Structures are given as C-alpha cells and as structure tokens.
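Below you'll find the structure, written out as structure tokens, and then a few comments.
The values are calculated or read from the model by the stated rules, or taken from the named source; none is laboratory data. Keep in mind the model is a prediction, meaning the values are calculated, not measured. Backbone-built Cβ (ideal geometry, glycine too); neighbour counts: all protein chains shown. Note: areas computed on protein heavy atoms with side chains; ligands, DNA, RNA excluded. Shrake-Rupley method; radii C 1.70, N 1.55, O 1.52, S 1.80 Å.
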Amino acid sequence: MKLVPYFSVLLLFFLGTQPVLGQEPLRIPIIIDADTANEVDDLFALVRAINTPNFRLLGISSAQFHTSPLASDSTVWESQKINEELVDLMHRKDIPLPLGSNIPLPDMQTPAPSAASHFMIKSAHQMPEGQKLHLVILGPCTNVASALLQDPSILPKIKVSYIGFWHDPKTNAYDKKEFNSRNDPLAVEVLLNSEGLDLDVMTATTCQRLVFDKRQTDRHLKGKGGIADYLVSRWEAYDRWWTKKDPEKRHWIMWDLAIIEALIHPKMAKKSKFATPKENTDRQIGIYTSINVKKMTADFWKNWKPVAK
C-alpha cells in the first residue's frame, strides 16, 4: 500500500475545507440614504459605515427633512453638502453620492424621482443572482419608496432597513407620528404595503437607548483635527430644538448609529417578526426590540479611525 498518495488526498481535502488565507470575507452590498443635515447622529453612523470592512458601501444618498423647524427650502442639498464634506475629510471621494428628492411623495402611486432613486434601481439590477442590495434609510423613506414605485421589479432584489416610527412590542402597537416617518408618511405606507418586501425596522423606541456622552466623545475626538473635530463641532453647534432637557448637550441619542452597529454585529441587537399595522397590507416585518448599548458604544470607539483606509 502506498501511503504517500493517500496522505496527499487527505491533505488536499483538509485544505479545501479551510478558508483561504487572506481571502476577503463576504461584505454586505449597501447604499445608505441619510438626511445628514437634520441632526448629529447621522454623521456618526456614516463614519462608522465608511470605516467598517463589513460593508461594500456602494453609495450614500441624500434625503430631505422638510418638517424640521430649522428646515430651509432645500434640505436635501444641505444633506448633500455634509455628505460631500464627510467623504472629503475621510479621503473617500470614490463613494458615489447621488442626490435625493427634495420633496416627499405627492401620493402613494407617484414617485418623487431623483438621482438617488435611479442609482438604487441600477444598483439593485446589478446584484449577482442570490444577493440582495441592502438599502439603509436613516431619514424619510422618500428615495427608496420612489425607487420601488418607479421599478417594482427591484422588490425581490433589495433588503430595506429603516429607522422610524414608535412601536410597543408587547401590544404590537404602532405610532407613526415620529420625525422620520412624518417627513414622508406616504412613503412609509408604500414600504409597509409592499407585499414581499424584505423590511426591517429599527424603531425610535429601541434606538433611543443608544446615548453617547460628550466627555467620552471629547476624549476620543476633540483637538484631533479633520473628521474628528468636524463631528465635535457639529455636536456643539447644532440647535437641538426638540427638547429643553440637557441644555448643555452633555448627551446625545445616536439613533442612526444603532442600525449600522446592528448590521455590522447582528448579535448586538434582538429582532423579531411582527404583523404590520392593521391599516396596512397584512404581512410580517422585522422589528428590532432591543440593542446592547454598552457593546455598541464600545464597538464604535474601538473601531474609531479618523481616516478610512
């Protein structure tokens, strides 16, 4: 019996079952749709998304936020400007930044077309067989809903993760009178009514628990220049109009960062299936019911990098 060939076969079999050294892990193909100029948390979420190797970030689109008392008549351009400044400071001008719609949907059958919605449609159709394009909505649903209305054939090719509305998991009660949802309530209805759409929601009820401390933020960022001081400056300069609590802004809710961290580290969040609201198409959607605030916060600072590599 010749042992050498037999041993060689075993060795080849063993090596064939192991990951190839240096092989790039499968990354999530993702487009992030952000009303970046509306708040502070969007910026932290985008910085984390740009830096993580877990995402294949195909683009960052801009969104409107017309119901804010601070809103101008061109909120989408304000978001676009900050998106451009972010990628510039992080030396990532390779990331496409399609401009979104400056207005919400006129009705539930009519899209508000934009460069962003066209980019989403094109990107969805470019997905390889068996892969879905992840569309992450940090603001109103206008651009994604428009893409679906413009080209319904993308529905099986996309997965949508949305930050919006309030929800009680014990009673499955929905409250759509939440800022993101208010900025385009018809677009929210389009997503909820789209039968077969793979939809997860990080509700405001859940992500409001992710709160950053200003002292900790300053220790990591203040005086470091570039994107670090840009984030600090945004925190300090932004007029937090919706509350009179904490006037010195010692703390900030990082609403949008919660969904980014949950996508990077699914074990840091709990998600369950729930029936849609009674007024919507009867189907099941995913809703995040809890997050590990301590681990998400630690993960952000552990992976903080002033410049993406």
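Can you say what percent of the DSSP beta bridges in the stretch 113-248, counting only those with both residues inside, are antiparallel? Round to 5. Present the calculation step by step, with values, prior to reporting the outcome.
Numbers: 3 of 14 bridges.
Around 20 percent antiparallel, to the nearest 5.
Between ARG240 and TRP166, what is the label-point separation in nm under the 7 Å Cα-to-beta-carbon projection?
1.8
Roughly speaking, to the nearest percent, how much of the chain's 1.4 Å accessible area is carbon and sulfur? Please report the intermediate quantities before stating the final value.
On the way: 8760 of 15080 Å².
Its accessible area is 58 percent carbon and sulfur atoms.
Give me the number: length gained by fully extending GLN126 to ARG27, i.e. 0.36 nm times residue separation minus the C-alpha to C-alpha distance, one decimal in nm. Please list the in-between numbers first.
Numbers: separation 99, 0.36 × 99 = 35.64 nm, distance 1.55 nm.
34.1 nm is the gain from fully extending GLN126 to ARG27.
Could you compute the net charge surrounding PRO69? Neighbours are other residues with a C-beta less than 15 Å from the C-beta of PRO69; K and R count +1, D and E count -1.
Numbers: positive: ARG182, ARG240, LYS244; negative: ASP35, GLU39, ASP73, GLU78, ASP239.
Summing Lys/Arg as +1 and Asp/Glu as -1 gives -2.
Net charge within 14 Å of ALA115 by Cβ-Cβ distance, Lys/Arg positive one each and Asp/Glu negative one each, not counting ALA115 itself?
-1
Relative to the longest principal Cα axis of the chain, at what angle does helix 41-51 sit, 0 to 90 degrees, rounded to 10?
20
Could I have the simple spin-label model distance between SER233 and LYS305, label points 7 Å from Cα toward Cβ, reported in nm to one decimal?
With each label placed 7 Å out from Cα toward Cβ, I get 2.4 nm.
Can you give the relative contact order of the chain as a percent, counting alpha carbon pairs under 8 Å and 6+ residues apart?
Values: 575 pairs, mean separation 57.7, N = 309.
In percent, rounded to a whole number, it is 19.
Would you calculate, for the chain, the mean residue ellipticity at 222 nm contributed by helices, counting each DSSP H stretch of 4 or more residues as -39,500 (n - 2.57) and dividing by all residues, to the nearest 500? Each step should come with its number before you reach the end.
Working: 12 runs with 117 residues, N = 309.
Helices in the chain give a 222 nm mean residue ellipticity of -11000 deg cm²/dmol.
Sort out for me the Cα centre separation of the stretch 66-88 from the stretch 216-248, rounded to whole Å.
18
Using Cα springs under 10 Å in a Gaussian network model of the chain, which residue among LYS278, LYS177, LYS244 shows the largest mean-square fluctuation?
LYS244
Scan around PHE55 for amide H atoms under 5 Å from its own, H built in the peptide plane at 1.01 Å from N, and keep only partners 5 or more places away or cross-chain.
For PHE55, the qualifying residues are ILE28.
Measure up LYS270/LYS302; LYS93/LYS271; LYS224/LYS294 against 29 Å on the Cα-Cα distance and list the ones that go over. Mind dumping the intermediate values first?
Numbers: LYS270/LYS302 22 Å; LYS93/LYS271 34 Å; LYS224/LYS294 24 Å.
In this structure, LYS93/LYS271 lie more than 29 Å apart at Cα.
If you stretched the chain out fully between PHE274 and ARG250, how much longer would it get, using 0.36 nm times the residue separation minus the C-alpha to C-alpha distance?
Values: separation 24, 0.36 × 24 = 8.64 nm, distance 3.53 nm.
Here the answer is 5.1 nm.
Antiparallel versus total DSSP beta bridges in the chain: what percent is that, nearest 5?
On the way: 14 of 39 bridges.
Around 35 percent of the beta bridges assigned by DSSP in the chain are antiparallel ones.
When the Karplus curve 6.51 cos²θ - 1.76 cosθ + 1.60 is applied with θ = phi - 60°, which whole-Hz ³J(HN,Hα) does each residue of the stretch 26-36 get, with x for Gly and Pro?
5, 9, 6, x, 9, 10, 9, 10, 10, 8, 4
Could you tell me which label, among [x] 23.8, 78; [y] 21.0, 84; [z] 24.3, 88, carries the value of Rg and Dmax of the Cα atoms in Å calculated for this structure?
[y]
Over all directions, what mean area does the Cα convex hull of the stretch 173-214 project, stated in square nanometres? Write out the running numbers ahead of the final one.
On the way: hull surface 16.3 nm².
With every direction weighted equally, the projected area is 4.1 nm².
Collect residues whose amide H, placed 1.01 Å from N in the peptide plane, falls under 5 Å from the amide H of VAL211; neighbours closer than 5 in sequence don't count.
MET254
Considering amide H positions built from the backbone, and no H for Pro or chain starts, which residues 5 or more places from LYS159, or on another chain, come under 5 Å of its amide H?
LEU133, HIS134, LEU135
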